[in-house]
Structure formats: C-alpha cells, structure tokens
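What follows is one structure encoded as structure tokens, with my remarks underneath.
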Amino acid sequence: MFDYDAELVRHHERLFETLDIRPGDHVLDIGCGTGRTTRDAARAASRGTALGIDVSGPMLAQARRQTETEGLRNVDFVHADAQGHAFPPEHFNLGISRFGTMFFSDPAAAFTNIGRALRPGARFVQLVWQAGERQEWHAAIRAALSGGHAPTRSPGAAEAAFTLADREVVVGLLAEAGFTAVDVVDVREPVYYGPDADHASAAVLQLWAAKELVTDLDAASTERALDRLRATLDAHDTGDGIWFDSRAWLVIARRR
C-alpha cells in the first residue's frame, strides 16, 4: 500500500498548523485513508472525538490497527462514501480533509451532506491539488513512464485528483452547499517518495496513475519506461530523499 502519510508529510504539517484543534472538539475527517489525520486530530481533541470516513476498506483496516496500537479511545472510523452517508446532523464542530474531497461523483451533493454534519459556525478545512500541470510530481513521472508520448488509454482516475483545481469552482461549490467566509490559500510544499531511487520507484509503481501508463506496454517498452523513471527519480534526489515540487489549495470555510 502506498504511504501517503510519508508523501504528504509537509502538507500534513501545514494542515495542522491551520486547524487549531481544541481539546473538546468533535472532528470529522473526510477521506481519512489510513487514519493519520484522524488520529492526530483525536490526540489534539483529547476530551472530544474524531471520526474518519473513507471508501477504502484496506486503508481503514490499517487505520483501525494503528489506532489500537496507539491506544487511542476517542477515534472511530466508518467505511462509507461521505457524499451520501447519514452523519448525525450538526454534530461536528470541525471538518477536515487532506486531499480526500476531489473524488466525489457529485461534489455539490457531497459538500452539502458534509455541511449538514457540521454545527452552525463550524469550520471546514481541506487541502486539494491545484491543476496537474502545476504538479512537478505528476508531470515528471508521467513524462518518464510515457516517454513523452500521450498515453494510449484515457487518463481516467489519474485526473480525478485535480477536479477541485479551479479555486473559483471550489468557492462556488462551498457557497452553494451552505458555507461562507471561504478563503483559498496557495500552498507550495514538496512531496516525498522515499529515501532513494529504489524505494521511490517501488512506491511510484503502487500508484494507480503510474500503473495506467505501463499497463498496455510490452516487456521491452516497460523496461525502457522504468529506466526513464529511475533516471527521473535520481535527478530529484536531494541527498535527503526523493522530493518533487507540488502546488495545493488550502481551503478554509465556515458553516453558515
């Protein structure tokens, strides 16, 4: 399983600097994955609670195991789609998401449903990717694996990560869903793929976006693509691991 917590370590720090979680908060974590954000929220909300929701069963299984290992008792997880899940109404006073809101089939419906779960005046803080062409990790890895040629199959899920890249669209969606005081902050932090090219290559090839680019290649073409990937990763070795530039939006809104 790809380690998104390692990849997004700088973004995680930026998110939690903004959240200012208080001990009595009740936190809803959208698209929680393996639960790092949920667990850290629960630690900060020591007299409150944190609920993580995600559509991935394997990720949630890992989240629950790690929560048990860490001995946290104010954390829960639900395996469901936040777009339609029946949350307790007006229960949470903080909603958070670290790159977990870009994949809804109907984002307007999803944000409306999330809003119903938040108390009036509650904050909703999320990180989403800016456009794909602004992501060095996306452009460089895609170019390496495709050899500079357009992929033979449609981008599919690989492009879903950028569905909230237009800041005006995000502001409009949140306003229609009952949020106000929407602030969109430009965040430029690098993403991490491993201590060296060997580890980074193995990590990249776990990503569905990378798998899509090599699925239809023959053996010789695949070997050339992997050689190009290795060269690209070597070129991004800072001496302190493999890092790529990235651009995100930190979106802060308040439930009306």
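The values are calculated or read from the model by the stated rules, or taken from the named source; none is laboratory data. In this text, all values refer to a predicted model and were calculated from it rather than measured experimentally. We place every Cβ from the backbone using ideal geometry, glycine too, and count neighbours over all the protein chains shown.
Applying the criterion of being assigned to a strand (DSSP E or B) and out of contact with any helix residue (DSSP H, G or I) (no Cβ under 8 Å at 6 or more places or on another chain) to the residues of the stretch 98-122, the residue that is surrounded by the most Cβ atoms within 10 Å (Cβ to Cβ) is LEU118.
In the stretch 166-215, the qualifying residues are those that are touching a helix residue (DSSP H, G or I) at 6+ places or on another chain (Cβ under 7 Å) and acidic (Asp, Glu), and the one that is surrounded by the fewest Cβ atoms within 10 Å (Cβ to Cβ) is GLU176.
The condition of being out of contact with any helix residue (DSSP H, G or I) (no Cβ under 8 Å at 6 or more places or on another chain), farther than 26 Å from GLU13 by Cβ and modelled with pLDDT under 95 holds for only one of ALA157, ALA220, that being ALA220. With the condition kept exactly as written, say whether any residue in the stretch 109-124 is closer than 25 Å to GLU13 by Cα and out of contact with any Leu (no Cβ under 9 Å at 6 or more places or on another chain). Yes.
Test each condition in (1) touching a residue at least 40 places away in the same chain (Cβ under 8 Å); (2) in contact with a strand residue (DSSP E or B) (Cβ under 8 Å, 6 or more places away or on another chain) for ALA202 and report the one that comes out false. It is condition (1) that ALA202 fails. When the helices (runs of 4 or more DSSP H) confined to the stretch 1-78 are screened for residues that are at pLDDT 95 or above, of a type outside the set (S, T, N, Q) and more than 19 Å from the chain's Cα centre (by Cα), those reaching at least 3 such residues are found at 57-70.
When you scan the stretch 82-98, do you find a residue that is touching a residue at least 60 places away in the same chain (Cβ under 8 Å), over 18 Å from VAL55 (Cβ atoms), in contact with a strand residue (DSSP E or B) (Cβ under 7 Å, 6 or more places away or on another chain) and of a type in the set (Phe, Trp, Tyr), even just one? Even if it seems obvious, please write down each step before you answer.
First pass over the stretch 82-98, keeping only residues touching a residue at least 60 places away in the same chain (Cβ under 8 Å): 91-98.
Restricting the remaining residues to those that are over 18 Å from VAL55 (Cβ atoms) gives 91-94.
Next, from what is left, pick out any that are in contact with a strand residue (DSSP E or B) (Cβ under 7 Å, 6 or more places away or on another chain): 91-94.
Still in the running and of a type in the set (Phe, Trp, Tyr): 92.
Yes; the residues of the stretch 82-98 include at least one that is touching a residue at least 60 places away in the same chain (Cβ under 8 Å), over 18 Å from VAL55 (Cβ atoms), in contact with a strand residue (DSSP E or B) (Cβ under 7 Å, 6 or more places away or on another chain) and of a type in the set (Phe, Trp, Tyr).
Among the residues of the stretch 131-154, the ones that are in contact with a helix residue (DSSP H, G or I) (Cβ under 7 Å, 6 or more places away or on another chain), modelled with pLDDT under 95 and either farther than 23 Å from ASP234 by Cα or outside any helix (DSSP H, G or I) (or both) come to 3 in all. Of GLY35, GLY48, GLY52, all but one fail to be surrounded by 17 or more Cβ atoms within 10 Å (Cβ to Cβ), on the phi > 0 side of the Ramachandran plot and touching a Gly at 6+ places or on another chain (Cβ under 7 Å); the exception is GLY35.
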